[in-house]
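Heads up, the thing below is written out as C-alpha cells.
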Amino acid sequence: MRRLLVILGVLALTAPAASVAGRQDPGDGTFSLRGGHGTFTVSARGAVIGSFVHGKVVITDPIDGDGTGPIVSGDEWQKDRSDTTTVYGGTRVRFRLIGGTFRIRVIGTGVTLSVVGRGLVTLNGAGSGDDGGYSFNGTPYADVPDFAQVALNASSP
C-alpha cells in the first residue's frame, strides 16, 4: 500500500511539469544589441530599453494604455506621424516602453537595445564591417549581419 502511495505521489508531482513542457506557448525571450550601426526593428509584446549615439527611432504604440507608452529623453526633435507613431531624433537619445505591444525601428550608430518579450526582431547592419554585436536568450554575442529576421521567444537561437 505504501508503494502505491509513493508511485501516485510521484505521478502527481510530474503531471504539472509535463503539461508545462507540452505547451505551444514558447514564453518570453530576450534580445540584446550593443554598439549597433544600421537599422534595427523590434515588433513585440513586452518591454524595451534602448539608446543610440546618433540617429532616430520610430516608435509605434498601437494600443493606448496597455503599457507605459514611449518614454524618451535626450531627443533634439520629434515628429508625430499618426496618433500611434512618433519619430524622435538627435544625439544621445534614450527610450523605453515597458509592457504592452509596440514596434520600434532604430536607424543610427551606437545603438543599444535590451528587449524582453515575444515578437520579431529584424537586424539590418550598415555593412561597415563593425556593425555591433547581438545576443538572443543569453547566447554569446555574434556580429550583426547585413540582414536577418529572428523570432523573439524563449526558444530563439
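Restricting attention to the range 98-141, the residues that are in contact with a Ser or Thr (Cβ under 7 Å, 6 or more places away or on another chain) and over 29 Å from GLY69 (Cβ atoms) add up to 1.
When each of ILE98, ILE71 is tested for being β-branched (Val, Ile, Thr), touching a Gly at 6+ places or on another chain (Cβ under 9 Å) and more than 16 Å from ARG34 (Cβ to Cβ), the lone residue that passes is ILE98.
Residues that are free of Cβ contacts under 8 Å to residues at least 40 places away in the same chain and over 14 Å from the mean Cα position of the chain (by Cα): list the strands (runs of 3 or more DSSP E) wholly contained in the range 59-157 that include at least 3 such residues. Walk me through how you get there before you give the answer.
Details: elements: 71-73, 77-80, 85-125, 133-136, 148-152.
Hits in the range 59-157: 71-73, 77-80, 85-125.
Per the conditions (1) of a type in the set (A, V, I, L, M, F, W, C); (2) in a helix (DSSP H, G or I); (3) modelled with pLDDT of 95 or more, the sole criterion not satisfied by ALA17 is (3).
Between TYR141, TYR134, which is of a type in the set (Phe, Trp, Tyr), within 22 Å of ILE59 (Cβ to Cβ) and at pLDDT 95 or above?
When all the criteria are applied, what remains is TYR134.
Only one of the listed residues (VAL116, VAL144, VAL106, VAL121) is among the hydrophobic types (A, V, I, L, M, F, W, C), touching a Gly at 6+ places or on another chain (Cβ under 7 Å) and closer than 15 Å to ASP28 by Cβ. That residue is VAL116.
Residues in the range 85-97 that are more than 11 Å from SER51 (Cα to Cα), in contact with a Ser or Thr (Cβ under 8 Å, 6 or more places away or on another chain) and either buried (at least 18 other Cβ atoms within 10 Å of the Cβ) or at pLDDT below 95 (or both): LEU97 alone.
The values are calculated or read from the model by the stated rules, or taken from the named source; none is laboratory data. It should be emphasised that the depicted structure is a prediction, and the values quoted were computed from it without experimental measurement. Neighbour counts run over all protein chains shown; Cβ positions are idealised from the backbone, glycine included.
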